[in-house]
Amino acid sequence: MACLHDHSCEDHDCSSDWSLYKHIDLSKVSALNEANPGSVKSVFKAWEERLNTSGEHLESNEGDPELLVFIPFTSDVKIKSISIVGGADGTSPSKMRVFINREGIDFSDAQSMQAIQEWDLVENMQGVLEYQTRYSKFQSVANITLHFPENFGGDTTKIHYIGFKGQATQLKRDVVATIVYELMPNPSDHKTRAESGGGLSHIE
């Protein structure tokens, strides 16, 4: 489902709502069928820059509008909605399918796998539309793969902006195991002062 903003961005800090881009592991973002290798990184930017089309953008190869975009995060995130700003003249993607926490998906996988959710997109030149997720299914997202199988009739698919609204956890994924270990302490690692000669046995 797509919806319009229900407030004026002039009176509301929309950039904070769409701040998940700060939690994207940009160095590991990748795309299949991009005409210019590495250009996919340019579509992740601050909310207020979403309509800036003067720089680089993501575009598929000529005659093949399909794109597959892999986005890992630096910490697990909860995603409430997604915004896509595509190109003009039929080059905007017309459909989006999403997979979460699956690495190494190729086009064959994407076409045969059941997406966690999919949307019919509309041309969103002004960047005012957002697509709501089934929020309960987007609670612990380590990475997300966006499949754009078709567009509105253009020879290529162009994307200028991809934004995620949601929340990031405070924990980096690489330290979770250490913290889980500390939640189940080994008694021998936590001796009382009585045991170590300190004269007190009560642990406050």
Before we move on, is E118 among the acidic types (D, E) and part of a strand (DSSP E or B)?
-> yes
Identity of the residue in the stretch 75-106, open to solvent by 50 Å² or more (accessible area, probe 1.4 Å) and outside any loop (DSSP other than H, G, I, E, B), that ends up nearest to V122 (Cα to Cα) = K80
Just give me the residues in the stretch 129-155 being more than 14 Å from the chain's Cα centre (by Cα) and closer than 14 Å to I105 by Cβ, in sequence order.
-> F148, P149
For the stretch 49-65, indicate whether the set of residues that are closer than 14 Å to T145 by Cα and touching a helix residue (DSSP H, G or I) at 6+ places or on another chain (Cβ under 7 Å) is non-empty.
-> no
Close pairs from the stretch 40-54: first closer than 12 Å to G86 by Cα, partner in a loop (DSSP other than H, G, I, E, B), Cβ under 6 Å, at least 6 apart | R50/G127; L51/G127
Return yes or no: is A142 part of a strand (DSSP E or B), touching a Pro at 6+ places or on another chain (Cβ under 9 Å) and either modelled with pLDDT under 95 or open to solvent by 10 Å² or more (accessible area, probe 1.4 Å) (or both)?
-> yes
Name the residues in the stretch 43-73 that are surrounded by fewer than 18 Cβ atoms within 10 Å (Cβ to Cβ) and touching a Gly at 6+ places or on another chain (Cβ under 7 Å), would you?
-> L51
Which residue pairs have Cβ atoms closer than 7 Å, lie 6 or more positions apart in sequence or on different chains, and pair a first residue in the stretch 97-124 that is among the aliphatic types (A, V, I, L, M) with a second residue that is surrounded by fewer than 16 Cβ atoms within 10 Å (Cβ to Cβ)?
-> V98/A115; V98/E118; I116/K137; L121/K95
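The values are calculated or read from the model by the stated rules, or taken from the named source; none is laboratory data. For clarity, every value in this text was computed on a predicted model and none was experimentally measured. With ideal geometry, Cβ positions are generated from the backbone for all residues, glycine too; neighbour counts draw on all protein chains shown. Protein only, heavy atoms only, side chains kept; ligands, DNA and RNA dropped before computing areas. Shrake-Rupley method; radii C 1.70, N 1.55, O 1.52, S 1.80 Å.
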